[in-house]
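For reference, the structure discussed in these notes is given below.
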Amino acid sequence: MSNKYDTSFEDIGEDFDNLFDDVDDLSNLEAKSLDGIFKTRKVKNVLDCACGTGIQTIGLARLGYKLFASDISPKMVSLTRKKALKENLDVETKISDFTNLKEWKDIKFDAVINCGNSIPLLPDMESVVESLKSMISLLKKNGTIMISIHNYSKLKKGGNAFLLRGNRSLNENQEIVFDTRYFGKDRVIITNFFIKKYGNRKSLKTYIKSYMYLKPEILIKKITQLGIKNIKVLDLVSLKKFNDQEWYLLVGEK
C-alpha cells in the first residue's frame, strides 16, 4: 500500500477530476450558469485565473468564449491545455499565481473569474485583498468579476464531517473517494482520500487542504473598497439570490 501526503493541489494532478462523478457534465453545467450572466454583459473574452484542471475554462470555451486560463500549479495548467487541444478549443494558458497576475498584464478582459473555492485557500485576508486587486487590474471598464466560494460556515453549523464522493468501478478496478472535514475556529481542514483497488492490491492517496471561512459580507466589503460596484451574491446552482446555500457566487462590475 502506498500513502501520499501533500498539502498542495499541485500534486493532485489527474486525481482532482476524480473528486467528481462526471467532470465533463460539471464543466457544462457551470458554464451554462456563468453564460447566463455573461450574455447580459456582452462578455467575449474571459480570464479564468484559478483554472485548475479546466472545469470552468473548458465549459465556457465550448460555448464559444475566448478563454485565457492560468493556475499556480503547472500540472493543472498542463491538464487544462491537453483538454483544450483534444477538443480544438480556443484557450491560451499560462502558469500564474492569482495573487499577482503579472503574466497577463498586457491584456484587458471582459471578465475575470476565480471559481471552485480557490480564494479561501489563501493564508489571510491581506492575501485575499492582493488577489482581488490583481484580478480587478486586468478588467476592462465595466468588466465583470466572478468569484465562487464554498460556504463552510454553513457546513460547520451542520457538523457534516464526512463526504462520500464516489464508489466507482473502473473496468476490473474499483475506486472509493471521500473527504473528511475538521472544522477549526478560523479554518476548515479538508482531507481527500482516494482508495483504489487493483485485484488484490490497494493504493491510498491523501491530499490535505486548509480553507478560511469567508462569508459573503466580508468579501463584499473588501471588493467594494476596491471600486467594484453593482455587486450581487447568488446561489451558484440556480443563480437566485443567495440565502445561506452551500455555495455562493459573487458577481460585480468595475
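The values are calculated or read from the model by the stated rules, or taken from the named source; none is laboratory data. In this text, all values refer to a predicted model and were calculated from it rather than measured experimentally. Don't worry about glycine lacking a Cβ; one is built from the backbone with ideal geometry, like all the others, and counts go over all protein chains shown. Please note that ligands, DNA and RNA were not included when accessible areas were found on the heavy atoms of the full protein model with its side chains. Shrake-Rupley method; radii C 1.70, N 1.55, O 1.52, S 1.80 Å.
See the values below:
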item: Highest-first arrangement of 45-55, 73-83, where packing means the average Cβ count within 10 Å; result: 45-55, 73-83
item: Crossing angle, helix 23-38 versus the chain [Cα axis fit, 0-90 degrees, rounded to tens]; result: 10
item: Low-density loop positions, GluC sites (Glu not before Pro), region 160-254 - DSSP coil, at most 15 other Cβ in 10 Å; result: E172, E246
item: Dipole moment magnitude, nearest 20 debye, region 149-254 about Cα centre, only Lys, Arg, Asp, Glu C-beta charged; result: 180
item: Whole-number accessible area per residue in Å² for the chain, which is evaluated in the context of all protein chains at 1.4 Å; result: 51
item: Given K154/K197; K32/K86; K66/K141; K44/K221; K94/K229; K94/K254, the pairs whose alpha carbons are separated by over 26 Å; result: K154/K197; K44/K221; K94/K229
item: Inter-probe distance in nm under a simple model that places probes 7 Å from Cα toward Cβ, at K42 and E246; result: 3.8
item: 0 to 90° range, to nearest 10: angle between helix 216-225 axis and the chain longest Cα axis; result: 40
item: Label assignment, Rg and Dmax of the Cα atoms in Å derived from the structure, set (1) 18.1, 59; (2) 25.4, 80; (3) 17.2, 56; result: (1)
item: Given charges at beta-carbon only (K, R positive; D, E negative), |dipole| of the chain in Debye; result: 560
item: DSSP bridge pairs, the chain: antiparallel proportion in percent, nearest 5; result: 65
item: Length released on extending from Y182 to K108, taking residue separation times 0.36 nm less the Cα-Cα span; result: 22.7 nm
item: Highest-MSF residue in the chain out of I228, I218, I147 [GNM, Cα springs under 10 Å]; result: I218
item: Of all accessible heavy-atom area on region 61-218, the percent that carbon and sulfur account for (1.4 Å); result: 52
item: Folded to 0 to 90 degrees: helix 74-86 orientation relative to the chain principal axis, Cα; result: 80
item: Whether region 1-145 is rounded, prolate or oblate, judged on the alpha carbon gyration tensor where a/c under 1.5 counts as rounded; result: oblate
item: Lysines whose Cα lies under 22 Å from that of K196, excluding same-chain neighbours fewer than 8 positions away; result: K4, K75, K205, K209
